[in-house]
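Below is one structure, written out as structure tokens; comments come after it.
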Amino acid sequence: MDRTEVVASIAGDLYATECAVDAAITSATTLVQSMIGARTLLKASPVAGAVSQAKAIEAIAALSAARDAVVACHAELAKDHRRMGYGVYAVGPMDKPDSDDWGQGVPPPPPLVEQQLRTIRPVRVA
């Protein structure tokens, strides 16, 4: 394998991991929704199943922490990629946000086939 294939392999695995964590979060939230819906259909007390529902919500919180860790891993890999001077990268959907602003009224950037890594200058703080 040459360097490009190795980098693409890691990027593909990272993208697959991000998708898997998102799918797990989706499944867990669907479970909670089903639990609430079933309780409503059965006309059961809100106390019924409260502990199991709380455990499912705990699992969602843990999955959210896992997602944060994968996103942080993605950011660190991007830094490593730039430090090693690997240049152009393009794996996964290219309409991902450059920052955490996406989802807060800021539209994602237009899709790109390739994107050149930017050199970020350190900011000096007095």
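For the set Lys79, Lys55, Lys43, solvent exposure ranked by accessible area (probe 1.4 Å, protein chains only) runs largest to smallest as Lys43, Lys55, Lys79.
What FRET efficiency do you get for Val6 and Thr29 if R0 is 25 Å and r is their Cβ-Cβ distance, rounded to the nearest 0.05? After rounding, the FRET efficiency stands at 0.10. Our estimate of slack between Leu77 and Leu42, defined as 0.36 nm per intervening residue step minus the Cα-Cα distance, is 7.7 nm.
Accessible area of Ile10 (1.4 Å probe, protein heavy atoms only, ligands and nucleic acids ignored): about 90 Å².
With all projection directions averaged, the alpha carbon convex hull of segment 24-68 covers 2.8 nm². Binning the C-alpha pair distances of segment 1-49 at 5 Å intervals from 0 yields a P(r) profile of 5, 18, 14, 12, 10, 8, 9, 7, 6, 5, 4, 3, 0 %, listed from the shortest bin outward.
The values are calculated or read from the model by the stated rules, or taken from the named source; none is laboratory data. It should be emphasised that the depicted structure is a prediction, and the values quoted were computed from it without experimental measurement. Using ideal geometry, Cβ is built from the backbone for each residue, glycine included, and neighbour counts are taken over all protein chains shown. The area values use the complete protein model at the heavy-atom level, side chains included, leaving out ligands, DNA and RNA. Shrake-Rupley method; radii C 1.70, N 1.55, O 1.52, S 1.80 Å.
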